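Rule-based calculations on the coordinates, nothing more; no lab input. Just so it is clear, the structure is predicted and the values come from calculations on it, not from any experiment. As a convention, Cβ positions derive from the backbone with ideal geometry for all residues, glycine included, and neighbour counts pool all protein chains shown.
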Amino acid sequence: MLTRRTLLGLLAAGSAGGALDVAADGPVADTADVVLTATPRTATSRINAWLARDDLGTGYRRLRGSVVLTAPLIVPAGVHLDATGADVTGPRRDNLLRNAAAVPLARTSGSIRARSTTLTTTQPVFAQATVGQRVQVVGVGPRAGHRRAPGSLYARITEVTSPRRVSLDLPADSTDHEATVYLHAPVDVGITIRGGTWTNRNKNHIAQTTQSHGVLIRRAADLTLTGMTVRSVGGPQIGGQYGVALGDVTRVTVTDLRFVDTASDGLHVTGPAQDVVVRRLSGRRTGDDLLAFTTVDGQTRDGSRLGDCEGDITDVVVEDLHSDECHSLLKLTSGIGAGGRQRHLERFSATGVHGAVTGASPVNVLDYAGPTWFSGTISDVTATHVGSPSVNVQASRLGRVTVSDVAWPASARAPKDGVVSFTGTSAESITVRGVTSRSVAGRSDQPGCAVRLAVRSVREVHVEGTRCPVLAPHFDTVQLGAPRMRIQLLTVADDRSAARTGDVLSLREGSGRYRIGTARFTDLRRTGGSVWAADEDGDPDAPATSITVEGLQGGRALAILRSPARVTLRGVRQRAGSDAAVRLVSAAASPVRVLVDDAQRRAPLVSRTGRQEVSVVSTAIGTDVRELTPFPGDVVRNTGREPAPGVLEYRTGSGWVAADG
């Protein structure tokens, strides 16, 4: 006989489908009490009593038929609800389904002061057993600048000093002596919901309450949702809230969910959340994001009551999202939680983001309730939106972020803000690999690019494997798009472009006073443009940038400089260049030193527009020594007539002389 322990083991091993199928045909499913065939007239109270029965010897339940609810279904811990083939329509003013721990154990009023962790309630609702449980204190938590947002403090009880007084693990943001207080139940462990079509009838009319979600899960561990179809009644933003809303969850697996005509997000995860796996989500006409992760929710509108919990989100795996007319596919936000704590979204991995979106970018990492802090990887993105980047990271604080394998199709105009875009205050490292654009639409005065950077301070930026295999009007690999940027190390490798024009690094208008410590460019193949192209002056107080170009074929120039630099060239092959390879085009481009090893180029090496200081060591590419401010020992192949053509060496006291003299 299939015991409950065996069933739980199969579920934990990822064989939930097989386990439930066996149960449907085996001894458990043959027990009439674990199967309920509903009709639209079946009382909701009868279904909930059946779900709550603990005398059946198993947590397995099989719901069949079609039912119209008058209240939410309440799923207790340890219950595995198989609704395959069932059609469940929710009540008009509440959730379709929620777990038992989503319902507070007690509601009372209480008093707490700003910056204090001591909560006192009017009723005796606490006991020593409640240590570790959660409380929600409405109105004293973060508000992100919205004065009329309820701003719940969501905290864990660390000590019970009396039935009416506890200590919390987070302080309140404000003082309230008549705050509403909810004492929440311990975590529900071991819930599975499988299959079924679930229709949310709750039209919230922009009220933003947790009761307007379709499926509401709070305080749960070892949770599995699979094979469900979730719908809404009513238009975007007025036909209920999230299709499935998870919050304060641990060890979660969500697979094969489909969202159709939902009023807002399909699946929405609010912190705290840890060890979350989401695979194979699809959506058609979602009113907002197909999938969203938010550490601090309900802070974008005064009066919103979505912020019932908040916390860090860590250790997340997302695979295979597909959109058909969704607003966007994936949104990630964090923010500032109670007590001014920066919330984190980290150790996050998402791969396989496909389709098209009707809103903004398919993937968005955004500031929301204050600055977002994000660290993780995003890969295999083919979803697009005309005019917006495929991956838009617009978050203030970034840890180590990797974006890879992002494709922009031939049918769409190249986005002016990049196929991948980063905007923010700081980042530990940004790595972008395998961006490909096949778009030939657009104009040269509205240049497309693979990666746009507008992050004020970045320790490392690595860009590798960029491709533009088509004759686009203009395509840059990396554009800097903000003033006063600070980059310690920039590397670009394995770069290919067949665009008519375009540069490897473009420092465009609006990027002035930049500082780049070290820049390395290797293995480049280009039709036109430069490796380094500056339209703005760098920081006049910055030390010289160390620029290395190794393994370049093609292009028309090497560097157009407007800041001090030390340029090293190795393995350069340029046939089309007609002007100088390294051009000093403003007074800020001084001093500049150019070292050349193994290069082929017919045109001169350097030129300057004024009296900038420039020195050269090069016998491979010639230059006119009259352009130079040399150092003793510099060796140059002079292309001018004075003092003499040929290879010259600069010597103290003698000036330029023949190198073998």
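On the beta carbon distance between VAL103 and ARG400, with R0 = 41 Å, the FRET formula returns roughly 0.55. Over all pairs of different C-alpha atoms, the range 362-445 has a mean inverse distance whose reciprocal, the Kirkwood radius, equals 13.2 Å.
Dividing the Cα radius of gyration of the range 106-183 by 2.2 N^0.38 Å, with N the residue count, gives 0.99. Rounded to the nearest whole Hz, the Karplus-based 3J(HN,Hα) values (6.51 cos²θ - 1.76 cosθ + 1.60, θ = phi - 60°) of the range 274-280 follow the sequence 8, 6, 10, 10, 10, 9, 6, with x at glycine and proline. Ranked for footprinting exposure by Cβ neighbours inside 10 Å, fewest first, SER162, SER109 give SER162, SER109. Shown here are the Rg and Dmax of the Cα trace of the chain, at 31.1, 107 Å.
With the cut-off at 1.5 for a/c, could you classify the range 103-255 from its C-alpha gyration tensor as rounded, prolate or oblate? The shape class here is oblate. Mean residue ellipticity, 222 nm, helices only, the chain: the sum of -39500 (n - 2.57) across DSSP H runs of n ≥ 4, divided by residue count and rounded to 500, is -1500 deg cm²/dmol.
Label-to-label distance for ARG41 and ARG484 is 7.3 nm, based on points extended 7 Å past Cα in the beta-carbon direction. Along its three principal directions, the equivalent ellipsoid of the range 525-626 from the Cα gyration tensor extends over semi-axes of 20, 14, 12 Å, largest first. When only the Cβ of Lys, Arg, Asp and Glu is charged (+1, +1, -1, -1), the dipole of the chain relative to its Cα centre reaches about 860 debye. Could you tell me whether the range 358-399 comes out rounded, prolate or oblate from its Cα gyration tensor? Rule is a ≥ b ≥ c as square roots of the eigenvalues, rounded for a/c under 1.5, then prolate if a/b exceeds b/c, otherwise oblate. It is oblate, given that a/c is not under 1.5 and a/b is not larger than b/c. Between GLY139 and GLY151, SER152, LEU153, the built amide H atoms are under 5 Å apart, and every one of these is 5 or more places off in sequence or on another chain.
Sorting the segments 306-314, 58-66 by their mean number of nearby beta carbons within 10 angstrom, highest to lowest, gives 306-314, 58-66. Under 18 Å from the 7 Å Cα→Cβ point of SER162, by amide nitrogen: which residues of the range 172-199? Under cut-off, by backbone N: 177-179. Put in line by how crowded their Cβ is, counting other Cβ atoms within 10 Å and starting with the fewest, VAL419, VAL617, VAL492 read VAL617, VAL492, VAL419. Phi angles across the range 419-427 convert, under the Karplus curve 6.51 cos²θ - 1.76 cosθ + 1.60 with θ = phi - 60°, into 3J(HN,Hα) values of 5, 10, 10, 10, 9, x, 9, 8, 8 Hz, Gly and Pro given as x.
Between ALA129 and ASP380, what is the FRET efficiency for a Förster distance of 51 Å, r being their Cβ-Cβ separation, to the nearest 0.05? After rounding, the FRET efficiency stands at 0.60.
Summary of the geometry: the range 515-552 and the range 109-184, compared by the centres of their Cα atoms, lie 55 Å apart.
Measuring from centroid to centroid over Cα atoms, what is the spacing of the range 474-502 and the range 254-306 in Å? One Cα centre to the other: 34 Å. Each of SER174, SER334 has some number of other Cβ atoms within 10 Å of its Cβ, and from fewest to most they run SER174, SER334.
Summing charges over all other residues whose Cβ lies under 9 Å from the Cβ of GLY339, with Lys and Arg as +1 and Asp and Glu as -1, gives +1. Here the Karplus curve 6.51 cos²θ - 1.76 cosθ + 1.60, taken at θ = phi - 60°, turns the phi angles of the range 94-100 into couplings of 6, 5, 5, 8, 8, 7, 4 Hz, with x standing for Gly and Pro.
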